[in-house]
Amino acid sequence: MRIAIVGYGKMGKEIEKVALERGHTISAIVDDKHETLLDELQVTHTDVAVEFTQPEAAVSNYIKCFEMGIPVVSGTTGWLSHFDEVKSSCLSHEGTLFYASNFSIGVNILFEMNRKLAGIMNGFSQYDVEMEEIHHIHKKDAPSGTAISLATDIIDRLDRKSSWGIEKMHDSEIISINSLRQGDVPGTHHICYKSPEDIITLKHEALGRRGFAVGAVVAAEFSFGRKGMLSMQDLLSF
Ligand code: NAD
């Protein structure tokens, strides 16, 4: 496949390596500091664009790709308040957007375990739940998109929780998410249920960025020839 890399930062460079290893060609590299503009992708015979940029850039990048008829796979986080606008643009242009707040297979296993555990914990009101996420100091959004996905899945299953918040909350209906920024940490997430008697913890710790890049390239292979809004749940079957 001919893959365009949109956003040539830490993730874009890792995706380039993995795409080449898997036998793909890089049709273009689009970055703020790079010559190729997104509008020029049309003449590059790109099969799929893989977009890892920043929250302020993602939505207009998706819409341009829909207009050009190029499927887009994106891991950029922090844009979900525009989800309805993006979805309607995708559907009206018969475009393709494969979005995942986290492309790591391990994190997607964690998502599944988190959903199962929250369903069980709904019957055990003596446990309160809180979360912590740790990322590198350059990360722009907080909490992480992954932490928000985990919290949303808990809220959907735990009747005693109605929303999440970013500080230590005294409202028992709110899940508090503690966001820490340290060094070059690629991404660590904890979900912690505490009762007066014990603690149950789910934890995922990424050891590097390669796991995210492999997931994104596999998602690009999956997206080729498919239409609409796609997610890791379409790709993985547990
Ligand atoms: P980074 O800052 O290293 O790279 C971002 C790059 O995007 C920079 O090179 C920047 O110049 C470029 N850019 C900014 N605006 C642009 C635009 N309009 N068009 C093209 N390029 C533009 O960041 P990163 O660590 O590579 O992460 C990028 C995004 O991916 C972040 O939102 C991060 O949270 C997310 N992320 C997601 C996953 C996942 O699995 N979903 C994993 C890691 C990171």
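The values are calculated or read from the model by the stated rules, or taken from the named source; none is laboratory data. These numbers come from a predicted model, not from an experiment. Cβ atoms come from the backbone with ideal geometry, glycine included; neighbour counts cover every protein chain shown. When the accessible area is computed, the model is the full protein with side chains, heavy atoms only, and any ligands, DNA or RNA have been set aside. Shrake-Rupley method; radii C 1.70, N 1.55, O 1.52, S 1.80 Å.
Quick one: which residue in Asp39, Asp31, Asp84 is open to solvent by 20 Å² or more (accessible area, probe 1.4 Å), within 8 Å of the ligand (Cβ to nearest atom) and not small (Gly, Ala, Ser)?
Matching residue, one of Asp39, Asp31, Asp84: Asp31.
Inspect all residues belonging to the stretch 59-67 and state whether any of them is within 19 Å of the chain's Cα centre (by Cα), of a type in the set (Gly, Ala, Ser) and surrounded by 17 or more Cβ atoms within 10 Å (Cβ to Cβ).
no
Would you point out the residue of the stretch 138-175, among those that are polar (S, T, N, Q) and within 16 Å of the ligand (Cβ to nearest atom), that is most open to solvent (accessible area, probe 1.4 Å)?
By that ranking, first place goes to Thr152.
Hey, could you check the stretch 42-58 for residues that are modelled with pLDDT under 95 and β-branched (Val, Ile, Thr) and say which is least open to solvent (accessible area, probe 1.4 Å)?
Among them, the one singled out is Thr44.
What's the number of the only condition in (1) closer than 21 Å to Asp198 by Cα; (2) open to solvent by less than 80 Å² (accessible area, probe 1.4 Å) that Ala100 fails to meet?
It is condition (1) that Ala100 fails.
Ile134 passes all but one of (1) in contact with a helix residue (DSSP H, G or I) (Cβ under 7 Å, 6 or more places away or on another chain); (2) not in a helix (DSSP H, G or I); which number fails?
(1) is the only condition that Ile134 fails.
Just to confirm my filter: which helices (runs of 4 or more DSSP H) fall fully inside the stretch 1-106 and include at least 2 residues that are among the basic types (Lys, Arg) and within 21 Å of Phe222 (Cα to Cα)?
Per the criteria, 10-21.
Residues being within 14 Å of the ligand (Cβ to nearest atom), among the hydrophobic types (A, V, I, L, M, F, W, C) and outside any helix (DSSP H, G or I): count how many of those fall in the stretch 200-238.
4
So the check is Cβ under 8 Å with 6+ separation or different chains; which pairs have a first residue in the stretch 146-166 that's modelled with pLDDT under 95 and a second one that's aromatic (Phe, Trp, Tyr) and open to solvent by less than 40 Å² (accessible area, probe 1.4 Å)?
Ser149/Phe111
Go through the residues of the stretch 144-154 one by one and say whether even a single one is part of a loop (DSSP other than H, G, I, E, B) and either aliphatic (A, V, I, L, M) or closer than 23 Å to Ala100 by Cβ (or both).
Among the residues of the stretch 144-154, at least one is part of a loop (DSSP other than H, G, I, E, B) and either aliphatic (A, V, I, L, M) or closer than 23 Å to Ala100 by Cβ (or both), which makes the answer yes.
Does Val6 fit the bill of being in contact (Cβ under 8 Å) with a residue 40 or more places away in the chain, open to solvent by less than 20 Å² (accessible area, probe 1.4 Å) and out of contact with any Gly (no Cβ under 9 Å at 6 or more places or on another chain)?
It is false that Val6 is in contact (Cβ under 8 Å) with a residue 40 or more places away in the chain, open to solvent by less than 20 Å² (accessible area, probe 1.4 Å) and out of contact with any Gly (no Cβ under 9 Å at 6 or more places or on another chain).
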